[in-house]
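Below: the structure, in structure tokens.
The values are calculated or read from the model by the stated rules, or taken from the named source; none is laboratory data. Small disclaimer: the values here were computed from a predicted structure and weren't measured. We place every Cβ from the backbone using ideal geometry, glycine too, and count neighbours over all the protein chains shown. For accessibility, only protein heavy atoms count, side chains too; no ligands or nucleic acids. Shrake-Rupley method; radii C 1.70, N 1.55, O 1.52, S 1.80 Å.
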Amino acid sequence: LEALLSAASKAAAVAEAREAAAAEILRRAEGERERAVAEAQAWERRHAEAVRGAAAAADLAAGEIARLSALAERGAVLSGEREVAIARQEERVRQAENRQTAREEQWKASVAEAARAVEGVQAELA
């Protein structure tokens, strides 16, 4: 009887230890999930800011191109200088678009990484 009681006590202790370990894993997983969600939200905010910045830059560039075109049409800018100025401005617009595309790709990669982290945590929980 004493051996049975001892074995039952040991089994209960092992079960409690496993339950405590499972609770700790669950707590850590929840923390990781919250961190991944917060990181994804931060990337979304940065992406939205980058999109707004790129849109503003594109608007400025379009305005600048229009202004330069108007000056050229009025004869204020020589033909060769106008072409150079427009080409430079168009290059600036292309560079701004390239930077925006790079930001979007970085944002997509970060969101995918956060999703993989969440899936990993969910897999641990399962």
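Remarks
- In degrees, nearest ten, helix 79-125 long axis to first principal axis of the chain (Cα): 10 degrees
- Residue among Val14, Ala123, Ala62 farthest towards the positive dipole end of the chain, charges placed on Cβ: Ala62
- Each Lys and Arg contributes +1 and each Asp and Glu -1, all at the Cβ; summed about the Cα centre of the chain, the dipole is approximately 340 debye.
- Excluding ligands, DNA and RNA, the accessible surface per residue across the stretch 50-106 is 70 Å² with a 1.4 Å probe.
- Trypsin sites (Lys or Arg not before Pro) restricted to DSSP loop in the stretch 1-92 with at most 16 other C-beta within 10 Å: Arg74
- Percent accessible area from carbon and sulfur atoms, the chain, protein chains only, probe 1.4 Å: 56 percent
- Nearest-ten-degree value, helix 2-73 long axis tilted from longest Cα axis of the chain: 0 degrees
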